[in-house]
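As structure tokens, the structure follows; a few thoughts come after it.
The values are calculated or read from the model by the stated rules, or taken from the named source; none is laboratory data. If you're wondering where the values come from, they're calculated on a predicted model, not measured in any experiment. Note: ideal-geometry Cβ built from the backbone for every residue, glycine included; neighbour counts use all protein chains shown.
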Amino acid sequence: CAFSEQPKSNLSPILSDPHRGIFHENDPSKIELVFKYVLDNFRTGVNSRQAASLACLNEAAFCRYFKRRTKKTFSQFVNEVRVTHATGLLLEDNFNITEICFKCGYNNLSYFNRQFKDIMKTTPLGYRKAFNPPAP
């Protein structure tokens, strides 16, 4: 898969920033399984029930566990992964915003735009214009 090489560089700040508290020595394999699940499936759909199953926890316990380990909800993490992937598509490909929305696992353009703006502090189009200006 072409994606398997590139996202690690785009997503590594999300996964490894020590200030985010994601990796802990006492349970790396459990959380790493969840991260792998999200990275492998964010484009087609992920859910906390499946992630909980991978971590051998019920859904409520998993949500508490994930929040305690990462300092964010599972949904926030999934949205960060999707938006980070979108930033790469915005700069590298000539897809329109709607195509990028669907390629990142969103099925609602309005929700995608809202999540993108919440995370990146700009709209997808604004991001594209700021970091990929048109040639003169």
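Any idea which of (1) surrounded by 14 or more Cβ atoms within 10 Å (Cβ to Cβ); (2) modelled with pLDDT under 95; (3) not charged (D, E, K, R) is the one Cys1 doesn't satisfy?
It is condition (1) that Cys1 fails.
Kindly indicate the residue of segment 67-95 that is touching a residue at least 24 places away in the same chain (Cβ under 8 Å) and in a loop (DSSP other than H, G, I, E, B) and also nearest to the chain's Cα centre (by Cα) among those meeting that condition.
Across segment 67-95, the extreme among qualifying residues is Lys72.
What do you reckon, is Arg64 at pLDDT 95 or above, assigned to a helix (DSSP H, G or I), of a type in the set (Lys, Arg) and surrounded by 21 or more Cβ atoms within 10 Å (Cβ to Cβ)?
No; evaluated as a whole, the condition is false for this residue.
Mind counting the residues in segment 96-130 that are touching a Lys or Arg at 6+ places or on another chain (Cβ under 7 Å) and not in a helix (DSSP H, G or I)?
4
Whether any residue in segment 127-136 is touching a residue at least 12 places away in the same chain (Cβ under 8 Å), buried (at least 17 other Cβ atoms within 10 Å of the Cβ) and more than 18 Å from Phe42 (Cα to Cα) is what I want to check.
Yes, because at least one residue in segment 127-136 is touching a residue at least 12 places away in the same chain (Cβ under 8 Å), buried (at least 17 other Cβ atoms within 10 Å of the Cβ) and more than 18 Å from Phe42 (Cα to Cα).
Which one is farthest from Asn107 (Cα to Cα), of the residues in segment 29-61 that are over 15 Å from the mean Cα position of the chain (by Cα) and exposed (fewer than 13 other Cβ atoms within 10 Å of the Cβ)?
Result: Ser29.
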